Each structure stands twice: as structure tokens, then as C-alpha cells.
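First the structure, in the form of C-alpha cells, and then the observations on it.
The values are calculated or read from the model by the stated rules, or taken from the named source; none is laboratory data. On a predicted model such as this, the values are computed, not experimentally measured, just so you know. Glycine gets a Cβ as well: all are built from the backbone with ideal geometry, and neighbour counts include every protein chain shown.
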Amino acid sequence: MIRIEGVTYSYGDGINALDGVDLEVKDSELLAIVGENGAGKTTLVKHLNGLLKPQRGRVIVEGVDTKETTVATLAKKVGLVFQNPDHMLFAETVEKELSFALTNFGLPPEEIAKRVEWALIEFKLSNYRDRSPFTLSGGEKKRVSLASVLCYDPQIIVLDEPTTGQDSLQKTRLASTLANLNRQGKTVIVVTHDIEFVADFIPRVVVMSRGKIIADGPTEEILIRKDVMEASSILPPQLAELSWKMGLNSPSINTDMIVEEIRQMLRGEQK
Amino acid sequence: MKVFKAFEYRRGSTILHRIDPRSKLVYLILFTSLTVYFTKPLALLIIFLSFLPMVHVGKISTRWSQSLRGSLFFIVFIFVFNFVPTAYYSGNLFDAAISAIAMSLRFLNLISVFSIFFLTTSPEDLTQSMVQLKIPYDYALTFNMAMRFVPTLSREAQYIMDAQRSRGLEMERGNFVSRIRNYIPVLIPLIISSFRRAELVADAMESRAFGASKKRTSLYVLKMGRGDLLFVSAAIGSALVLFAVNLLL
């Protein structure tokens, strides 16, 4: 359970990167945070593991105020994977890279070996075990960075732009990994620009604009709201756009529902 | 990392910002020389005080004081490492303290004067003035780019530290040796990305035909005005006064 209450944060340039943000995330939820560049998405998720502490308001993670604990303690509960894998990778081999966090948290060697093994298989990295992470492709690096956090099994998983540079196969794989983790009771938060990914796989969406949350609710209800999409400069899902352009009575982001709606419309015109 | 920020140019319109970089260079060289030449703490303190009006006129007091706060660690370091050995070998605590204070003040002055210079001089103007001082363009550009990438590098270091701390890295943990080792997960990505960026910049420059023509012309040419004459004379004048004061002290 995460509770964010009236959080305001400024980097000291006179602009509030976060401006009174309230958000509640229940256990084992799967949600996306979307919004224009500079909306405050990354600033918000940096509050979840205490990298940033709120200047006003408070952030409670699993009953603990982030102001009263350290990043290293919070990081065990909240696994935060950043956008750019190049900011993370440093070890000689993929295997060592994966065991970095596990070693930091002081896990016993057998446990480390077991978890590294799991991550190598889950993210299809077994062949790269002894390769240097720097010789991998962009998409592979991204997977190593995801694996290096997910391997220590945090209760809350936060991914900043996990789909950039991934082809559609990898995206689907990522979606199923996330769904799997979510089914096991993990809370998963995805920060993204990839609105189609959200429309296809994420049930709840939080829309941010200029440091504020401007909409929050079930994905299929939020992403068809033209006002919200425009206010946050998000390119709407193609199906929502299609619904608007065709003037459908009940716009949707679900292919089957749209098809049904169009069928009915055509039938009506034939009569 | 705040130390770097203190040298980052921000646009401004004060007199100090508008003065030709070459005039400010004269000021920089004069006051750097005085700082290095002076040995009496009082004389060095007077130099330091002479920076205050400059900072005020340039409206850079917040960033300048940031630079001082950021360098506090080094100042303490310099003080301790000058005081302890001198006191140990000479046995005279007072003399040791005086020379350690002088050393610390000297460092403080150098930070201040360079901070004043870089905070009020745009990198473009600086390059242009170097070119007009007949420094080959390639060198001027290299210097400019080195300066230009300092804030980028410090931002990048911050990102990397955030990422590694999220993976449970505690920079402050352990004894001296393990603390240094804690920096490895930060330094390696930082160095690698710097090399990669350097290659990208080189590619970008070449695709924009860098070095295609032997003779470069400039859109803007720097000109020394009456203000510059005044500024340079004032700088030389106050340097002479300080020199005399130092002799009298």
C-alpha cells in the first residue's frame, strides 16, 4: 500500500515539479502513470523509494513514512528501474550485474545464485550470462536492467519507461511478465509514454500534467476522454481516435467492442 | 556535485555579464596572481572581501555562495593537511595555523574569482574571445566543450547514483577503502557514457561539416568598449592598491 498525500516538490527553479499530488495505490494493483514530458512522473516515482523526500506532504510506503528511513531500506520493498540502462550497468558480466543488488542487501550466496538463475531464465538472458553487459544491444540491456531489480523480489515494482527500444514481441513478453508478477500479488507501477501499451495491458491509469494528477481511474474510461488526452498532450490510443472520428455513441479502446459498435452503426444506416 | 553548478553560466544582463570576456580575463589573471603571490592571511582576506561588490553587481550571490559551500570540504581538507604536518615539524602551533589559514584563504579566493568569471561569461563569448586572441579554433572549441559538458556530466552522475542507490548501494557505508570502492558502480557507467557521448558529438560535428573550410568567419565579433577600458583600469588600479597594502601589512 502506497499513500501519497499532498506532495509538493521543486528542484529549486521556482517551478513545482510536483504540485500537491495525492495518490493511493493498493496492494497488488497494476497501474500506469502517463503524462507529457516534464509532467512530474519521474519526480513522483523517485519519491517512492526515498530518492527524493517530499518538501510538503508525505509519502507512506507499507506504513512507513519515507522521511523516516533510508533509500537502502526502502529499495528492498520498492524496486525502481530507471529509463536508461546505461545509468545502471557496470559489472563485468550479466551474472555479476544481476547479483549486485542481491549482494548489497546481504543475501546468502545460495539464495543469490538461485535468484540470478530465475532472472536469467525469466528474461531470456541465459545465453548472455558471461557476456559483458556493454556488448549487448539496447533492448537486451534494458532487459538486464529490469532483471537486475526484479531478481531481488521487491513487493512494489516501479518501471520508468520500460518499453522504449523494445519491439512488439518484447513488449508482449514484458506485459506478460508484469501480469505474472501482479498475479503473484506484486504492486506494479509503470511510467510510460507508450499509450498503446497502457491501453492493451494496464487496468488503471493515472494522468499527470504540470505536476498535478488530472485524471485517475480505469484505463478504458480515462483514455477515451478527449479533454484529458488533450490537456496532457498524450497521443490518444488509435481506437479512441477512431471512435471520436466516427462519432461512435460509446467510444472504446477495446477492438471487439469497437467492431460491434461499427457493425450496429452500419446496420442502422442500411435500414 | 553542487560545486559544478556554481560554475554554470546563466544568462544575465548586469554590467559584469556585458563586459568583454577579455577584460574579465585581465581581472581573472591579475587577481589569481595576487592570490598566489600573497602569503599574509590578512592580505588574502582583503582580496576575498574585494569579491563581494563584484558578486553583488553581477547578481550571482546565491550561486557564488553555493560554490563556496560546495568547496567547504576541500577547504577543511587543505587546512588540516597544512596545519598538521607544519605544526608537527616546526612545533610552533601559531605559525602553523597562520600558514594553514593562508592556504585555505588562497583556495577560497581562487574558487571565488573563477566562479565570478565563469558565472558571468557565456561559453560562446569565451570561445569567441579566445579565437580573437589568436588561439587556434580547435583548441578554443575543445576548451569550450569541456566546460559545456561539466554540468551534463554532473547531471548524469546524479542519475547514475539514483539508479545504483535504488539497487541498494550505500555510498557512505564502510571504512575509507570500501567507501572508495562504493564509487565503482557510479564511475564505470559515467566513464563509459562520456566516451560514448564524445563519439556522438564527433559524429554530429562531422555531419555538420566541421572543418570543411579552412577559414572560419564569425557572425558576432567582440568589441572592446569604453566600459571595458574603465573595467580594466579599475582592475589594474585595485590590484596595485592591494599590492601596496600587502607591502605595508
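Okay, here's what the table says:
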read-out	value
Selection from region B:133-178 of residues that are away from chain A (no Cβ under 13 Å), assigned to a helix (DSSP H, G or I) and basic (Lys, Arg)	B:148
Residues within region A:22-46 that are more than 21 Å from residue A:81 (Cβ to Cβ) and either of a type in the set (A, V, I, L, M) or part of a strand (DSSP E or B) (or both), tallied	2
Filter result for residue A:49 (more than 14 Å from every other protein chain (Cβ to nearest Cβ) and assigned to a loop (DSSP other than H, G, I, E, B))	no
Test: residue in region B:158-171 that is among the aromatic types (Phe, Trp, Tyr) and either out of contact with any Phe, Trp or Tyr (no Cβ under 8 Å at 6 or more places or on another chain) or in contact (Cβ under 8 Å) with a residue 24 or more places away in the chain (or both)	no
In region B:157-182, the residues that are at pLDDT 85 or above and either surrounded by fewer than 15 Cβ atoms within 10 Å (Cβ to Cβ) or in contact with an Asp or Glu (Cβ under 9 Å, 6 or more places away or on another chain) (or both)	B:158, B:160, B:181, B:182
Among (1) more than 10 Å from every other protein chain (Cβ to nearest Cβ); (2) in a helix (DSSP H, G or I); (3) surrounded by 13 or more Cβ atoms within 10 Å (Cβ to Cβ) - the single one residue B:189 does not satisfy	(1)
Tally of residues being closer than 25 Å to residue A:4 by Cα and either touching a residue at least 40 places away in the same chain (Cβ under 8 Å) or of a type in the set (Ser, Thr, Tyr) (or both) across region A:161-183	5
Residue selected from region B:195-249 under the condition hydroxyl-bearing (Ser, Thr, Tyr) and part of a helix (DSSP H, G or I), by the criterion nearest to residue B:26 (Cα to Cα)	B:233
Residue A:130 being farther than 30 Å from residue A:2 by Cα, of a type in the set (Asp, Glu), touching a helix residue (DSSP H, G or I) at 6+ places or on another chain (Cβ under 9 Å) and in contact (Cβ under 8 Å) with a residue 24 or more places away in the chain	yes
Residue within region B:76-94 that is surrounded by fewer than 18 Cβ atoms within 10 Å (Cβ to Cβ) and within 30 Å of residue B:10 (Cβ to Cβ) present	yes
Candidate set from region A:87-110 (those that are touching a Gly at 6+ places or on another chain (Cβ under 9 Å) and at the interface with chain B (Cβ under 8 Å from one of its Cβ atoms)); member that is farthest from residue B:197 (Cα to Cα)	A:105
Hits in region B:43-74 (condition: over 30 Å from residue B:13 (Cα atoms) and either modelled with pLDDT under 90 or surrounded by fewer than 14 Cβ atoms within 10 Å (Cβ to Cβ) (or both))	B:73, B:74
Residue among B:80, B:55 that is under 20 Å from the mean Cα position of the chain (by Cα) and of a type outside the set (Asp, Glu)	B:55
Selection from region B:83-124 of residues that are over 30 Å from residue B:18 (Cα atoms) and not in a helix (DSSP H, G or I)	B:91, B:92
Unmet requirement for residue B:200, which otherwise passes all of (1) in contact (Cβ under 8 Å) with a residue 60 or more places away in the chain; (2) closer than 27 Å to residue B:149 by Cβ; (3) among the aliphatic types (A, V, I, L, M)	(1)
